[in-house]
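The values are calculated or read from the model by the stated rules, or taken from the named source; none is laboratory data. A quick note: this is a predicted structure, and the numbers were derived from the prediction, not measured. Note that each Cβ is placed from the backbone with ideal geometry, even for glycine, and that neighbours are counted across all protein chains shown.
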Amino acid sequence: MKANLVLLPGDGIGPEIVSEAQRVLEKVAELFGHEFSFSSQLIGGISIDKTGDPLPQETIDACKASDAILLGAVGGPKWDDPSAKTRPEAGLLKIRKELGLFANLRPIRLFDQLVDSSPLKRDIIEGTDILFFRELTGGIYFGESGRSGSGQDETAFQSMAYSVREVERIVRMAAKAAQQRDNRLTSVDKANVLEPSRLWRQTAARVMAEEFPDVQYDVVLVDAMAMHLINRPRDFDVVVTGNLFGDILTDEASMLPGSLGMLPSASLGSDGPGLYEPIHGSAPDIAGQELANPLATILAAAMLLRHSLSLLDEATAIENAVAAVLADGLRTKDIARGGKHIGTKEMGAAVVERLQK
Ligand code: NAI
Ligand code: MG
């Protein structure tokens, strides 16, 4: 197949890790007979330096015309001046909004070879493989807010709203992903207290019964879920939840594998390109030193193939190559636990070398 991919390297370690992921994608294209074209565009601090704008129109246009987007990270101390009129992060928020990316996907997969990096005991964490779907453009973060009164009576409020349409589209997306995995979906809400959660629960149950009767479906309250995640993480396959609960639960879950440099994410809309990125930031403390772990970005490239291009075998091939590299004992410094470690480029090359059809 032909695909037109936009690369947004951004700041700090962004360019280093994105170029390793590009090499991996080029090798996949060669092995499986695809044609991927790459266009590198500006975002974040580097874009502010060059154009004054963290997300120039040219970048927006290129992203909209693409099949998928791979992002490194944005930001750094250079652009932290509080008096600056714009910040690198503004570019990231704007591109998500421009593309209508309402679903944030975070796989929490523990590679066997890294079990000992987890803060949890091996018998609890071993075999964990969860895919979170967090609703990203609705709920309390986008609800009406304000303040009234003064002094001790000054009061602030922020309201939470979800519509049937918003719930349906993310539940459908999560259920389809479940069908490609273990066929199990868990919806997380707070329906014992919150009205939007009751609408969420009712809508999700209907969509599942009508459209996905084959998917094993259950619901869990968010407070209980916070416990289950560190008590029995293996019991979950795909999890779908609203914006606020998803923000908190995905951060909790991302600590389970114990290595920031291994975790990818995706943001998807109903049609149009998806945006794929590592969950970590621009790591300015290690930029330009061959210390960055490119595996999160390489795994984000695998998600891109799976979710935007429906290239499932190709995605699995990348994940298998990453597992093979780890099985060979190759580690970047962040996952080396003090032992011998290799650099960013060596890690990228090792994945490319182990890729096979
Ligand atoms: P960070 O994730 O960049 O770094 C946290 C720690 O993890 C650092 O010690 C860093 O060296 C290490 N680390 C991160 N990724 C790594 C990798 N791939 N390999 C090896 N070590 C890695 O978070 P921090 O330091 O809070 O933020 C740095 C900058 O990144 C800030 O300007 C922040 O605003 C921005 N940021 C950007 C994000 C994005 O673009 N999506 C997300 C989070 C932060
Ligand atoms: Mg968060």
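In segment 263-288, how many residues are of a type in the set (A, V, I, L, M, F, W, C) and within 11 Å of the chain's Cα centre (by Cα)?
5
Looking only at segment 289-322, count how many residues are buried (at least 18 other Cβ atoms within 10 Å of the Cβ), within 15 Å of Ser19 (Cα to Cα) and over 17 Å from the mean Cα position of the chain (by Cα).
Residues flagged as buried (at least 18 other Cβ atoms within 10 Å of the Cβ), within 15 Å of Ser19 (Cα to Cα) and over 17 Å from the mean Cα position of the chain (by Cα) within segment 289-322 amount to 2.
Can you give me the ranges of the helices (runs of 4 or more DSSP H) entirely in segment 1-109 with at least 2 residues that are within 16 Å of ligand 2 (Cβ to nearest atom) and more than 30 Å from Gly127 (Cβ to Cβ)?
Fully inside segment 1-109 and qualifying: 88-98.
Run down Asp285, Asp271 and say which single residue is at pLDDT 95 or above, more than 14 Å from ligand 2 (Cβ to nearest atom) and part of a loop (DSSP other than H, G, I, E, B).
The conditions single out Asp285.
If you scan segment 193-219, which residues turn out to be assigned to a helix (DSSP H, G or I) and acidic (Asp, Glu)?
Hits for segment 193-219 are Glu195, Glu210, Glu211.
With (1) of a type in the set (Asp, Glu); (2) closer than 24 Å to Val240 by Cα; (3) surrounded by fewer than 21 Cβ atoms within 10 Å (Cβ to Cβ) as the list, and Glu135 as the residue in question, which single condition is left unmet?
Of (1) of a type in the set (Asp, Glu); (2) closer than 24 Å to Val240 by Cα; (3) surrounded by fewer than 21 Cβ atoms within 10 Å (Cβ to Cβ), only one is false for Glu135: (3).
What are the residues in segment 220-263 that are in a loop (DSSP other than H, G, I, E, B) and either within 16 Å of ligand 1 (Cβ to nearest atom) or at pLDDT below 95 (or both), if any?
Selection gives Met255, Leu256, Pro257, Gly258, Ser259, Leu263.
Mind telling me which of the residues Ala73, Ala68, Ala90 ends up being in the same structural domain as Ile13 (by TED's automatic domain parsing), surrounded by 16 or more Cβ atoms within 10 Å (Cβ to Cβ) and away from ligand 1 (no atom under 16 Å from the Cβ)?
The unique qualifying residue is Ala68.
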